[in-house]
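This report concerns only the one structure given below.
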Amino acid sequence: MAQVKKYRVVYHLGGGAEAAIVVEAGSPKEAASGLDSDSLLEFTGENNTFFQFRMNEVKMVSTTEV
């Protein structure tokens, strides 16, 4: 079993818009996976900003260990 670490996951929505959240996961892939294209994602991210979008609106997902 992989050690759980914190990752910053950034959902790139196009046009320079991004939504970011810090999650705990065993790997970068695990931090950014598990959502279908029709999934609705809602969370309060950095700077207490509320985000709501569908995964089919996401152009790219990037992860970095924090």
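The values are calculated or read from the model by the stated rules, or taken from the named source; none is laboratory data. If you're wondering where the values come from, they're calculated on a predicted model, not measured in any experiment. Reconstructed Cβ throughout: ideal geometry from the backbone, glycine too, with neighbour counts over all protein chains shown. For accessibility, only protein heavy atoms count, side chains too; no ligands or nucleic acids. Shrake-Rupley method; radii C 1.70, N 1.55, O 1.52, S 1.80 Å.
Just to be sure I understand, how many residues within region 1-44 are out of contact with any Phe, Trp or Tyr (no Cβ under 8 Å at 6 or more places or on another chain), outside any loop (DSSP other than H, G, I, E, B) and open to solvent by 80 Å² or more (accessible area, probe 1.4 Å)?
3
How many of the residues making up region 45-63 are polar (S, T, N, Q), open to solvent by less than 80 Å² (accessible area, probe 1.4 Å) and at pLDDT 95 or above?
Of the residues in region 45-63, 2 are polar (S, T, N, Q), open to solvent by less than 80 Å² (accessible area, probe 1.4 Å) and at pLDDT 95 or above.
What pairs can you find where one residue is in region 32-45 and under 18 Å from Thr64 (Cα atoms), the other is part of a strand (DSSP E or B) and polar (S, T, N, Q), and their Cβ atoms are less than 7 Å apart, with a gap of 6+ or different chains?
Partner pairs satisfying both residue conditions: Ala32/Thr63.
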